[in-house]
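**Q** Just dropping this structure here.
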Amino acid sequence: MKKFHLTAGSKNRLIILTLLTTVIALFHFAVPTESHSYHMVHIVLRKLYFLPPVMAGAWFGLRGAIYTTSAVTVFFSLHAFLDWPGNYMEQANQMGELAGFWIVGLVPGWLFDRQRTLLADLASANEETLLVLVSALDMRARTSRLHSRRVKEYALLLADRLEVSEEERKAIEFGALLHEIGKVAIHDSVLSLLKRVGLPENELKEMRSYPENGYELLRKIGFLHEAADIVRAHQEHYDGSGYPRGLKGEEIPRGARLLLIADTFETLVSGKGIGRCEEAVGVIRERSGREFDPRLVDLFTGIDCAEWNEVNRRYKESAEA
């Protein structure tokens, strides 16, 4: 079984489960059973024990259901043998309920794990499809088919140092991978001219439309909605001199500000750039406050070149293979 990775939401759910199980157990032990009315309340409390196993299975899968139902088993069994000594019929009745706890916990837990596996397989298939499409786009737009993958790795290295949430990290990952997707709408002649000599005014205007084109392509896909905003803004500059909307400072999504550094760095250290990590870092530092967010530049320059070079080496070997 896989090890739990507790996000903030998972921790909150774990607290709820713990409190709920504890409260039910306390009231179950505290409520007397002598009078008929109290006995009815006591029976209701016994039925509430079904809640934690079901919730654990739905929230944490089979492993969570096993842990929670085990805790319920201890509380419930202890009460049965302490409060009903010698009453074997009542104990047998409660043992039947105990079996029910395991059934209602393990079944949704198993179904949850199965659904999670299917969703993970689907996500993996989607990502592999995106990688193929992005590689084709990179081959069309530039000499390397691994540009977008390296940009993704650089962006994630920065995102991990920034300690972003899992949701924002995923948006940055897809945004970096798909940041040039809008170039599918750019004419081949413009891309060819860009590779050789740069662009005159009319072609430059067409070229600068690609972030907006990418946004329009991605924004209607549910799981890429946040990534679409990053793609749209990844050429905006911190001082407002970027495109396509001339955003500045905090108006630019943080993921897009981070992506601009990763994209620029990859271009500088690739075959078409200056090649050396130290020099590329120096160029980005010089543009801090103009093109780049100064706080993110400080974060970027705090990462040793050995880490950046390791990403570059890994993808260089992949390209050669």
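No value in this document is a laboratory result; all are computed from the given coordinates. All values reported here derive from a predicted model rather than from experimental measurement. Virtual Cβ from ideal backbone geometry, glycine too; neighbours counted across all protein chains shown.
**Q** Using 0.36 nm per residue, how much length does the chain from MET40 to ILE15 gain when fully extended, once their Cα-Cα distance is taken away?
**A** So the extension gain works out to 6.1 nm.
**Q** Multiplying the sequence separation of LEU204 and LEU106 by 0.36 nm and subtracting their Cα-Cα distance, what value in nm do you get?
**A** That works out to 29.3 nm of additional length.
**Q** What is the calculated FRET efficiency for PHE81 to GLU167, with r their C-beta to C-beta distance and R₀ = 41 Å, to the nearest 0.05?
**A** Computed FRET efficiency for PHE81 and GLU167: 0.30.
**Q** I've got another one for you. Work out the FRET efficiency for VAL23 and ALA58 from their Cβ-Cβ distance, taking R0 = 22 Å, and round it to the nearest 0.05.
**A** About 0.70, to the nearest 0.05.
**Q** What is the distance, in nm, between label points placed 7 Å from the Cα along the Cα-to-Cβ direction at CYS305 and at GLU216?
**A** Spacing of the two 7 Å Cα→Cβ label points: 4.3 nm.
**Q** I would also like to ask the following. Return the distance in nm (one decimal) between the two label points of a simple spin-label model at PHE223 and GLU278, each offset 7 Å from Cα along Cα→Cβ.
**A** 4.3
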